[in-house]
1. Need one number for the range 222-413: average projected area of the convex hull over its C-alpha atoms, nm².
2. Might you work out the accessible area of residue 177 for me, using a 1.4 Å probe with all protein chains in place, and round it to the nearest 10 Å²?
3. Report the longest stretch of the chain that contains none of the trypsin sites (Lys or Arg not before Pro) sitting in a DSSP loop with at most 15 other Cβ atoms within 10 Å.
4. Carbon and sulfur together cover what percent of the accessible area of the chain at a 1.4 Å probe radius?
5. Does anyone have the angle between helix 94-110 and the longest principal axis of the chain? Alpha-carbon axes, 0 to 90°, nearest 10?
6. Over the chain, average the accessible area per residue using a 1.4 Å probe and give it in Å², no decimals.
7. Output the Cα-based Rg and Dmax of the chain in Å, rounding Rg to one decimal and Dmax to a whole number.
8. Students sometimes get this wrong: rank 324, 372 by accessible area, probe 1.4 Å, all chains present, largest first.
Amino acid sequence: MHRSEGVTRRRIVASGLAAGAALAAGGAVVGRRPDQEGAPGAASAVDRGRLPRVIRPGRQHEWDAHLGRDVAGNRLPPRHQRLLLCALANEPTPERAWQAEAALRRVERAVPLGHHGLLLTVAWGPSWFGRIGVASPVPVAVALHDAELPRLDDPVCVLHLGSDDERLLERVERALFRGGTLLRAGGSSDRSGPTDLCGLLRVTERRTGFVGAGLPERHRAGVVGLPQDQPLPTGTPMFMGFQSGLKRNQATEDDVTIASGRWAGGTTMHVSSIALALDSWYRSLDDRDRVRRMFAADTTPAKVRRSPRGIDHPADVDVAKVADQQSVVGHAQAAAAARRDGRPVILRRDFDSADGGAARVHFVSLSRSIEDFVATRRAMDARPAVGHGAVGVHVNNGITEWMTVEARANLLVPPRRERICPALPGWSG
Ligand code: HEM
């Protein structure tokens, strides 16, 4: 049966140690056979009891049905988001994995699923798989352009949290890592056990941010990389002045789901941190110039307004020819060269940030394989166009002139039943 239905995960006969007590206490107490004491990672013959019952989709990345929508039917990302990059706090054992899964479920019992409540995915990097001696389903990230020098991160685990309610998000993070408690609907606290992951994970880096009408302007003052003498376009959801993630320009969740094999039902995730320097974006370009660079060289602000669900850029575009004729290549136009069967192959879940007092995008991209992300990122660079017309590596070439990639990481988002310690011996299965 499926774990998200809240059934007992593993009911192996206990060797007389505390099993009855564990069940009586709602499963929060974990027994160990004396001969396994101190045998990290070993298959554990204990009754771990019942995991708290909570109903969630089998695919962790299944957020779309739980997001808000605008009038055009585009999904609206959670207005506040966090990425918590984690290292192991302790040796991973089946017991600690059990406790972490139970803690996540208690959090999910306290906070409803959805953009008003909480959206959460847990992803694992190559270093995790290396640690448990299992071949990593994703490669360690590499630089994707001669002209970039990103830090190549390989965190054991990354939690991606989203909510429209910033205070709720803060409370969830505190419950997970900083000793906070969460009240359930109705005001009672969950007495079945702890809601923190501290026995397994510790946070090494927090990336925080937002996306949605008005939020970029609210964060503009004093932030490096943003114009200080003029407001951002009224109601813009992102620092660069446009709405992103339009329906026609996104892969679907089905598109990015791993279809078969060991990790079927999961997806892969690329996480990068991109610094923005937008003074000249706003000072030197007018609306038309910005639209040409963001969308396509022959696009106008009026056409963008008439296409609220996005523009279907052709995948077979000859960017060198566009550069010869228009002296500019558009960002979405170039990235569209990676489309398959008429659709993009990555699902973007990025958000803006003012972390450290500087404007940035925390770019989160889901795809069936990391190769799909890499192909899209390379397409975005429009290499064949460089040297044609006035197009250079960073000049008149989409939005590359205004962004610097500072960090990259690749991760696996396992299906929900393995969202904690995937493939850990004695735990997965
Ligand atoms: C500074 C960061 C970025 C901003 C502000 C940005 C913004 C946008 C906007 C406004 C669009 C068109 C509308 C829409 O999304 O629906 C778009 C399209 C797109 N962007 Fe970005 N983008 C950024 C970085 C990236 C990166 C790093 C990638 C990775 C390859 C990427 C891949 C794409 C793709 C695949 C499309 C759709 C292309 C298609 O329609 O086939 N973007 N982006």
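1. Working: hull surface 43.6 nm².
The number I arrive at for the range 222-413 is 10.9 nm².
2. 30
3. No qualifying site falls inside 54-177, the longest such stretch.
4. Numbers: 9150 of 17530 Å².
Taking all protein chains in place, the chain shows 52 percent carbon and sulfur surface.
5. Roughly 70 degrees, rounded to the nearest 10.
6. Working: 17530 Å² over 429 residues.
Dividing the accessible area of the chain by its residue count gives 41 Å².
7. Gyration radius and largest Cα-Cα distance of the chain: 23.0, 79 Å.
8. Details: 324 90, 372 20 Å².
The ordering from most to least exposed comes out as 324, 372.
The values are calculated or read from the model by the stated rules, or taken from the named source; none is laboratory data. Predicted model only: the values in this text are computed from it and were never measured. When we count neighbours, we look across all protein chains shown, and the Cβ atoms used for this are built from the backbone with ideal geometry, even at glycine. Ligands, DNA and RNA are excluded from the accessible area calculation, which covers all protein heavy atoms including side chains. Shrake-Rupley method; radii C 1.70, N 1.55, O 1.52, S 1.80 Å.
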